[in-house]
Amino acid sequence: MKLTIQLLLTLVISLALTTVVIAEDDAISIEELEKLPPFPPKFDTLSYLERVNWLNERINEDISDAEEYRLQRELAYQYYFNGESKLTNAICGVHSPQSFDLYYRHLCVSADDLNYEQRVEAYLTLHENAMEQGAVQFAVEILSELGWLQSSKGNIRQAFQTFERALELGEDQRVTWPVLNMVMQNTATLYVMYGDAEYRQKGLKLYKEVLERTKELRDDNQLSPEQAQYAIDLIHFNLGVANTLHERDYETALDWFGKVNLQQAEQAKSTLVFSALAAVELGKLELAENYLDQSSQLADPNPVVGRYLACYQQLVSLQLNNQDDIPACLNLHPDTQLEVKLDVYKRMSELEQADLRAKGQEYFYELYKSTLQNQLKQSNSAMASSAELSRLQLESKLQKELLEKEELLKDAERERRETQSNLMYAIIAIFILVVVFGLLQIRQKLRQAKRFKALSQRDSLTGLHNRLYFEGRIQRELDAVNLANREEDNKLLAVYLFDIDYFKKLNDSYGHDIGDEVLKEFARRVTYALREQDMLVRWGGEEFLVVAKVNDEDDFHNIAQRIHKAVTQKPFILPNGLELPVTCTVGGVICPYLTDIDQVPHWRTLVQLADTAMYYGKSQGRNRWVCINEIPTKEVEEKVLNEGFKSLDKHQGVKLKTSNDQ
């Protein structure tokens, strides 16, 4: 009887869970994806924009669900690895990854705007799922990335434990050498960054051992030349950074940096910037200037690295007497690695300029309070010592043994309770089976409704949100301004309306296909120019609208300038090779703008005023921005809305700012 109940229970729950997975996660099977033919060979030869266009064209064809999933996934990868994480996140929201698709799930986690705790939880879930699927190599890669994240936030104890677990899993034969190499390099980096003098030397030694092993594997044809060169360049770079930031052995640092292949290495710009830093510290000013010039010609790898590299460039220029301030060092990205922040603020604290030296000391103290103080308390001021590092490794091993024993006791207790509860579970399971099938229908409909809602709020051509999305959110923004003003908090909101100058002429001259490409590039540039919290929508045709929270009028004008500059600074290079100079006219209004009334107007009034400012800019010659700072009375506001600015006598107290006033 008991066996029959257990079998029934297992069957019912398995059926229910399987149905949920198929309906919720695995609408596409891995077998369907594996049966799809590969992309044509020409795909790998295309440029980034050509690949995006090719994928979008295929998506619009009559294709299977599996093929659409694969194309959307590839499009997400293309966007992400070309710095378009917002577009990647949008695809992940509409075309969410299947449960078995670990690498796509990892991509969506990487592109999502998560805080530290959420990202750690996401990585742990990915690791657990990878182990369940037997994907040991992926599990090791995720642990390595998690350990690096933990160390960057100052959680050194957790980082060491994570890398220890990764090294244990790395003994599995399914883990390839390049992945194990990455884990060993990251472990060496932790020794260098957070260890005492003994452990820094241990880290440098480990780097060199990995370097020699990589060369041996290359010579034995166990690693391709490309894989080996990538690993060797990375080790040379890491050795250079270790000697620059931690040992301050600048001669040795220059030797290691000199071995990096600048034509192929991903770290080319970082290598040149740190080489300039080492050279200027040695008094080799001409050499430092040369490295600095070369680094300025290369693009930033990503926003986080780009900001701190700009800081180091300014520190070098300061010592070369080429400039007298270092604004980039005062505005490091929040996700900047802890070792970089420590080094930057320490170097600032050693500067001759009193104001910059004071800033460095202030920032160092703030970093101590926000990050270092808690970590020092947790480790009783001994985290970086050799003895403490050894103790942490032993403690981790003991904790693992205790957890294993505790898990065995839990399993025994769980088995006893399951034996007592089988009959009750069988009855409940039959009830669940009835309920589950009803819930599945509801969940499927809700999921479809959510997807249709997401699609209805996006512009299919540019990928931006549309007017429907704007209308659903703008009132909350205005209510927040109203509430803040009543509490004398003085919050400001800016609305901008702008379009492409002579767009109809461009369409007539080159055709609608070229016009569409211009609109997509226009949207991409403006998106990149704005901040994460700003709302950008396609208003209709060639018109776009932005809603942004601003601190003051200067902030209000700066956003208008950034939009205009992003569009007009460089010609648009289209997929067919055509180069087109494109300009735009931007109209903006700040809210509140009335001097005699604190009440925030209806959003339609704000849009109409921004539209009036834009058309005033067009009447003055286009290719500019016009911002309304202040309107004295409701009567003047009414006149501006009905007749524009030309009818006003010197604007009757209306305060305008234009790009021509700059």
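The values are calculated or read from the model by the stated rules, or taken from the named source; none is laboratory data. The structure displayed is predicted, hence computed values, not measured ones. When we count neighbours, we look across all protein chains shown, and the Cβ atoms used for this are built from the backbone with ideal geometry, even at glycine. Accessible surface is based on the protein model in full, side chains and every heavy atom, while ligands, DNA and RNA are left aside. Shrake-Rupley method; radii C 1.70, N 1.55, O 1.52, S 1.80 Å.
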### Message
For Ile628, what accessible surface area do you get with a 1.4 Å probe? Give it in Å², rounded to 10.
### Response
0 Å²
### Query
Cα-based Rg of the stretch 556-662 per 2.2 N^0.38 Å, rounded to two decimals?
1.20
### Task
Write down the accessible area per residue of the stretch 91-137 in Å², having rolled a 1.4 Å probe over the full set of protein chains.
45 Å²
### Task
Could you order Tyr616, Tyr368 by accessible surface area, starting with the largest, using a probe radius of 1.4 Å?
Tyr368, Tyr616
### Solvent-accessible heavy-atom area per residue, rounded to whole Å², over the stretch 474-611 at 1.4 Å
47 Å²
#### Entry: Fraction of the pair-distance distribution of the stretch 63-145 above 19 Å, Cα-Cα pairs, percent
40 percent
### Message
Given the C-alpha atoms of the stretch 216-361, compute the convex hull and give its volume per residue in Å³.
### Response
115 Å³
### Task
For the stretch 144-279, report the convex hull volume of the alpha-carbon atoms normalised per residue, in Å³, without decimals.
109 Å³
### Message
Need one number: convex hull volume per residue for the stretch 118-174, Cα atoms only, in Å³.
### Response
58 Å³
### Message
Quick check for me: using +1 on Lys/Arg Cβ and -1 on Asp/Glu Cβ, what's the dipole size of the stretch 542-662 about its Cα centre, in debye to the nearest 20?
### Response
440 debye
### Query
When Rg is the radius of gyration of the Cα atoms in the stretch 79-215 and Rh is its Kirkwood radius, what does Rg/Rh come to?
1.01
#### Entry: Whole-percent carbon and sulfur share, accessible surface of the stretch 528-635, 1.4 Å
44 percent
### Message
I'd like the accessible area for Ser64: 1.4 Å probe, protein heavy atoms, all chains in place, Å² to the nearest 10.
### Response
60 Å²
### Query
When each pair of different Cα atoms in the stretch 538-596 is counted once in the 1/r mean, what is the Kirkwood radius in angstroms, to one decimal?
13.7 Å
### Task
Return the subset of Lys86/Lys549; Lys153/Lys284; Lys520/Lys655; Lys215/Lys259; Lys565/Lys657 for which the Cα-Cα distance in this structure is over 23 Å, preserving the input order.
Lys153/Lys284; Lys520/Lys655
### Task
Provide Rg over Rh for the stretch 128-208; use the alpha carbon set for both Rg and the Kirkwood Rh (inverse mean inverse pair distance).
1.00
### Task
Please list 37-45, 604-612, 300-308, 351-359 highest first by mean number of surrounding beta-carbon atoms within 10 Å per residue.
604-612, 300-308, 351-359, 37-45
### Summary
Descending accessible area (1.4 Å probe), largest on the left, turns Arg467, Arg347 into Arg467, Arg347
### Task
Along Cα→Cβ, 7 Å out, is where each label goes; now give me the distance between the ones at Asp661 and Arg213 in nm to one decimal.
6.5 nm
#### Entry: Value of Rg/Rh across the stretch 242-312 [Cα atoms, Kirkwood radius]
0.94
### Task
Please state, to two decimals, what the Cα-based radius of gyration of the stretch 501-618 comes to when divided by 2.2 N^0.38 Å (N = residues).
1.16
### Query
What does the highest-first list of 251-258, 317-324 look like by mean Cβ count within 10 Å?
251-258, 317-324
#### Entry: Exposure of Asp501 as accessible area (Å², to 10), given a probe of 1.4 Å and all protein chains
10 Å²
### Message
Students sometimes get this wrong: rank Asp508, Asp293 by accessible area, probe 1.4 Å, all chains present, largest first.
### Response
Asp508, Asp293
